[in-house]
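Trainee: Below are the structure tokens for one structure; questions will follow.
Laboratory data are not the source of any read-out in this text; all were calculated from the coordinates shown. Source: prediction; values computed, not measured. Methodologically, a virtual Cβ is constructed for each residue, glycine included, from the backbone with ideal geometry; neighbour enumeration extends over all protein chains shown.
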Amino acid sequence: MQFWLKKKRLKDRGKILEMRVKKVESENKSLLKKIEADQSEIDIMKVKIADL
């Protein structure tokens, strides 16, 4: 019976870790999009400054 409990705990822990990974991946995608948008804004500002 202890083996079954250990197996269940490992399975539950695996599910929790899987959910954390998905959350972090989602946050990472969001941050990458923000970085791209910020970089575009920086590039636009560089052009405006060069035109001054």
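Trainee: Which three numbers, in whole Å and largest first, are the semi-axes of the equivalent ellipsoid of the chain derived from its Cα gyration tensor as √(5λ)?
Mentor: Ellipsoid half-lengths, sorted descending, are 50, 5, 4 Å.
Trainee: Let me ask something else about it. Taking the Cα centre of the chain as the origin and placing charges on Cβ (Lys, Arg +1; Asp, Glu -1), which of Leu17, Ala37, Ala50 is farthest toward the positive end of the dipole?
Mentor: Result: Leu17.
Trainee: Please give the helix 2-51 orientation as an angle from the longest Cα principal axis of the chain, in degrees from 0 to 90, rounded to the nearest 10.
Mentor: Around 0 degrees separate the two axes.
Trainee: For Leu52, Leu32, what ranking results if the residue with the fewest other Cβ atoms within 10 Å of its Cβ goes first?
Mentor: Leu52, Leu32
Trainee: Also, I was wondering about something else. Cross-link partners among lysines for Lys33, C-alpha distance below 26 Å, same-chain residues fewer than 8 apart left out?
Mentor: Cα-Cα hits under 26 Å: Lys22, Lys23, Lys46, Lys48.
Trainee: Can I ask one more? Give, as a single signed number, the net charge of other residues whose beta carbon lies under 14 Å from the beta carbon of Ile49, with Lys and Arg counted +1 and Asp and Glu -1.
Mentor: That works out to -1.
Trainee: Magnitude of the Cβ-charge dipole of the chain, K/R +1 and D/E -1, about the Cα centre, nearest 20 debye?
Mentor: Details: 15 positive and 9 negative charges, 192 e Å.
My answer is approximately 920 debye.
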